Amino acid sequence: MQPDHQKLSEYYAVAPDDIALSDIDTARIPAHVSIIMDGNGRWAAKRGLPRAQGHVAGVDALREAVTAGVRLGFDVFSVYAFSTENWRRPKLEVDLLMGLFAKTLVAELPLFHQENVRLELLGDLEALPAETYRVFMRGLDETAGHDGMTFALAVNYGSRAEIVRAAQDLARLARSGELDPDDIDQDLFSSHLYTAALPDPDLLIRTSGELRLSNYLLYQLAYTEFYVTDTLWPDFTRWDMLRAIRSFQSRSRRFGGV
Ligand code: FPP
């Protein structure tokens, strides 16, 4: 998507010392940027606050990241908000996160409308608490007609479960005679993943310095460029987004070729 250059320069007006909008080529913005938002708990612990406060601060960082994505002209911006393994956290924290997802989505719907953002959800949504599920469905419904940036939220998402589910879908189709197993190729397989409607990410950002994928988009990240920053998620700003893009633009992507 072409960025609106006027709005983009205004948004990135007051630059810190090490990075400015002029450091990136706005004609080569990655189409799909994805983030593993990590470090909310450590951000809170550093300040002697309960973990919940870290997640609340994480919402502010997410709002800024969505706005930066819109201004920069991403086609797709996806984030890992809750994994299939996150149910192992204390019930109080899980309940807080589920409540926060619902509350935040309701509060941010005007921003989605204003910026023409379409919501997409990745994961096993049926297992979510009823209120969170209801709000998510409302978000999908109300933004379905928007044709600006797609914001994809991975909730109760696990990549291995997603791949197994795709294999089961295809096996069922083969058993019923609707599909010849020889016709299964990468495009068909991808079309049975939660990300069926999305291009693969060009750039994956992980905050808080951890060097692992945590069961996120294992199939889709085959040729994605990675950027890891020590910045904890609540401290991630529009400038960190620019730093990640500057790093992305310094790479030579060969997709296995020369
Ligand atoms: C990782 O930090 C963050 C999460 C598990 C939750 C992400 C949620 C938000 C950013 C809140 C806003 C989200 C939405 C969609 C409204 P962590 O708790 O693993 O941090 P730690 O590794 O320092 O403990």
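Throughout, read-outs are computed from the coordinates displayed, never taken from laboratory work. Computed from a prediction, not measured in an experiment: that's the story for all the values here. Virtual Cβ from ideal backbone geometry, glycine too; neighbours counted across all protein chains shown.
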task: Any chance you could run the full-extension gain for ASP17 through ASP187? It's 0.36 nm times the residue separation minus the Cα-Cα distance, nm to one decimal.
output: 56.8 nm
message: Sort 113-126, 64-77 by packing, meaning the average of other beta carbons within 10 Å per residue, with the highest value first.
response: 64-77, 113-126
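Where in segment 154-258 are there GluC sites (Glu not before Pro) that are in a DSSP coil and have at most 11 other Cβ atoms within 10 angstrom of their Cβ?
GLU178
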task: Determine how many Å³ per residue the convex hull of the Cα atoms of segment 115-175 encloses.
output: 109 Å³
query: Among all the lysines, which ones have a C-alpha under 19 Å from LYS91's C-alpha, if same-chain residues fewer than 8 places away are not counted?
result: LYS103
statement: So, over other residues within a Cβ distance under 12 Å of TYR223, counting Lys, Arg +1 and Asp, Glu -1, the net charge is 0
Paramagnetic label zone (point 7 Å from Cα along Cα-to-C-beta, HIS146; backbone N under 17 Å) in segment 171-211: 198
query: Got a sec to turn the phi values of segment 38-44 into Karplus ³J(HN,Hα) couplings, 6.51 cos²θ - 1.76 cosθ + 1.60 with θ = phi - 60°, whole Hz, x for Gly and Pro?
result: 10, x, 4, x, 5, 4, 5
query: Among ILE29, ILE19, ALA61, which residue has its Cα positioned farthest towards the positive end of the charge dipole of segment 1-68, with +1 placed on the Cβ of Lys and Arg, -1 on the Cβ of Asp and Glu, and the dipole taken about the Cα centre?
result: ALA61
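Given the DSSP H assignment, sum -39500 (n - 2.57) over each helix run of at least 4 residues in the chain and divide by its residue total; what's the result at 222 nm in deg cm²/dmol, nearest 500? Can you show the working numbers first?
Values: 8 runs with 108 residues, N = 258.
Only helices count here, giving -13500 deg cm²/dmol.
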- prompt: Using the beta-carbon distance between ASP95 and SER214 and R0 = 25 Å, what value does 1/(1 + (r/R0)^6) give for FRET efficiency, to the nearest 0.05?
  reply: 0.70
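If you place +1 on the Cβ of every Lys and Arg, -1 on the Cβ of every Asp and Glu, and leave all else neutral, what size is the dipole of segment 18-61 about its Cα centre, to the nearest 20 Debye? Please report the intermediate quantities before stating the final value.
On the way: 5 positive and 5 negative charges, 72 e Å.
Using Cβ point charges on Lys, Arg, Asp and Glu, segment 18-61 gives about 340 debye.
By how many nm would the segment from ASN116 to ARG254 grow when fully extended, if each residue of separation counts as 0.36 nm and the alpha-carbon distance is taken off? Before the final figure, lay out the partial values.
Values: separation 138, 0.36 × 138 = 49.68 nm, distance 3.32 nm.
Net length gain for the segment: 46.4 nm.
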- request: Would you mind checking which residues have amide H under 5 Å from ASN156's amide H? H placed 1.01 Å from N; only 5 or more apart, or other chain.
  value: PHE82, SER83
task: First select every other residue whose beta carbon is under 13 angstrom from the beta carbon of ALA174; then total the charges, Lys and Arg +1, Asp and Glu -1.
output: -3
- request: Taking each pair of different alpha-carbon atoms in segment 1-141 once, compute 1/r for the pair, average those values, and report the inverse of that mean as the Kirkwood hydrodynamic radius in Å to one decimal.
  value: 16.9 Å
statement: Between the modelled labels at ASP169 and ALA127 (7 Å from Cα along Cα→Cβ) the distance in nm is 1.7 nm
statement: Taking LYS103, LYS7, LYS91 and counting other beta carbon atoms within 10 angstrom, the fewest-first order is LYS91, LYS7, LYS103
query: Among ALA174, TYR216, TYR194, which residue has its Cα positioned farthest towards the positive end of the charge dipole of segment 142-258, with +1 placed on the Cβ of Lys and Arg, -1 on the Cβ of Asp and Glu, and the dipole taken about the Cα centre?
result: TYR216
query: Hey, if you drop one equal point scatterer on each alpha-carbon of the chain and run the Debye formula without solvent, what base-10 log of I(q)/I(0) do you get at q = 0.12, 0.14, 0.15 Å⁻¹?
result: -0.75, -1.02, -1.17
- prompt: Amide H to amide H, which residues 5 or more places from LEU119 or on other chains are under 5 Å from it, using H placed in the peptide plane?
  reply: THR143, PHE151
- line: LYS103 and SER9 label points (each 7 Å along its Cα→Cβ direction) are spaced in nm at 4.0 nm
